[in-house]
1. Given points 7 Å out from each Cα along the Cα-Cβ axis, report the L217 to Q118 separation in nanometres with one decimal.
2. Under the classification rounded if a/c is under 1.5, otherwise prolate if a/b is larger than b/c and oblate if not, where does region 83-159 fall, given a ≥ b ≥ c as square roots of the Cα gyration tensor eigenvalues?
3. Which of the helices in the chain, when you take each full DSSP H run, stretch at least 15 Å along the axis at their Cα atoms and have an average Kyte-Doolittle score of -1.0 or higher?
4. As an exercise, use a Förster radius of 30 Å and the Cβ-Cβ distance of H233 and A99 to find the FRET efficiency, rounded to the nearest 0.05.
5. Roughly speaking, what is the stretch gain from E24 to E155, that is 0.36 nm per residue apart minus the C-alpha to C-alpha distance, in nm to one decimal?
6. Would you work out which of I133, V65, A210 lies farthest towards the positive end of the dipole of region 8-215, given +1 charges on the beta-carbon of Lys and Arg and -1 on that of Asp and Glu, about the Cα centre?
7. In whole angstrom, how far apart do the alpha carbon centroids of region 146-176 and region 13-44 sit?
8. Which of (1) 30, 22, 16; (2) 26, 24, 18; (3) 38, 20, 15 is the computed semi-axes √(5λ) of the Cα gyration tensor in Å for the structure on display?
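Any read-out appearing in this document is the output of simple, stated calculations on the displayed coordinates, not a laboratory observation. All figures in this text were calculated on a predicted structure; none of them were measured in a lab. Don't worry about glycine lacking a Cβ; one is built from the backbone with ideal geometry, like all the others, and counts go over all protein chains shown.
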Amino acid sequence: MPPTSTTFAQTFADVADVQGWMTEAQAQRLWDRATELAAPARIVEIGSYQGRSAIVFGRAAADGVEVIAIDPHAGNDRGPQQIHGAPDEGQADHEVFLANLAEAGVGDRIRHVRQPSQEAHGDVPGEIDVLYIDGAHRYVPARDDIRDWGARVREGGTLLIHDSFSSVGVTLALLTQLFFSGRYRYVGRSGSMTEYRRVRLGLTERVANAGRQAAQLPWFARNVVIKALIVAHLGRFTRYLGHREPTWPF
């Protein structure tokens with residue numbers, strides 16, 4: 001159980017004004033996986049931005065469950081089409097992140113590692129029970145996060161990845177690292193947040209697992225078209241694809 005009587009509904013309402021890209025269904029998935037854990041389990045998230053998902057983890061995790069948020073707050077990779085940025089933007093994000101955690105009452109529940117994910121392994125010893133990846137969305141960093149941090153998830157643990165079947169780079173990383181992997185079973189998705197379980201898969205299971213993931217590719221193609229229309233300032237046409245928001249699909 002969470003360390004206080006705070007409910008998911010209250011928590012999601014409390015993060016409504018925290019900048020970020022996370023739907024209610026996605027937040028519910030994070031909450032559910034976190035509440036399943038007991039001390040001394042460990043949750044690690046890669047990519048915290050201003051704390052939207054970290055607050056959900058901090059509120060949901062039981063006493064004694066470690067929550068680690070990894071984000072360099074360097075100004076780059078801040079969101080859609082924000083690959084490059086200035087250090088002062090990153091510092092502003094960092095200050096807002098800490099203020100948001102404090103406001104939500106989870107400042108002492110979350111350990112922030114202010115490092116790029118590829119440099120943070122030494123700051124997080126041991127296995128991981130729940131790993132949430134929402135870092136840089138280009139192919140190479142996404143691949144490295146899935147491969148290197150994913151290898152540290154314990155048997156039976158959970159891997160969650162945001163912008164799956166939405167971001168081109170993240171989807172390519174899924175194709176190379178997880179589609180035919182014998183280590184991870186695809187569980188499902190909430191929008192672009194996919195969930196995988198660390199298990200050993202035989203050959204037949206691997207083929208079926210690849211098929212379940214391949215079945216999401218039409219949704220990926222839809223998202224690519226929606227993004228292209230938005231970039232081309234033709235967002236009014238996205239409604240014909242069932243997308244009625246001004247932002248990129250996530």
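1. 2.8 nm
2. On the way: a/c = 2.26, a/b = 1.28, b/c = 1.77.
Verdict is oblate for region 83-159.
3. Numbers: long enough: 24-35 (16 Å, -1.28); 87-103 (24 Å, -0.57); 203-214 (16 Å, -0.60); 217-231 (21 Å, 1.41).
Membrane-span-like by this criterion, though nothing is claimed about a membrane: 87-103, 203-214, 217-231.
4. On the way: r = 35 Å, r/R0 = 1.16.
The computed FRET efficiency comes out at 0.30.
5. Working: separation 131, 0.36 × 131 = 47.16 nm, distance 2.79 nm.
So the chain would gain 44.4 nm between E24 and E155.
6. Positive-most Cα among the choices belongs to A210.
7. Rounded to whole Å, the Cα centres lie 17 Å apart.
8. (2)
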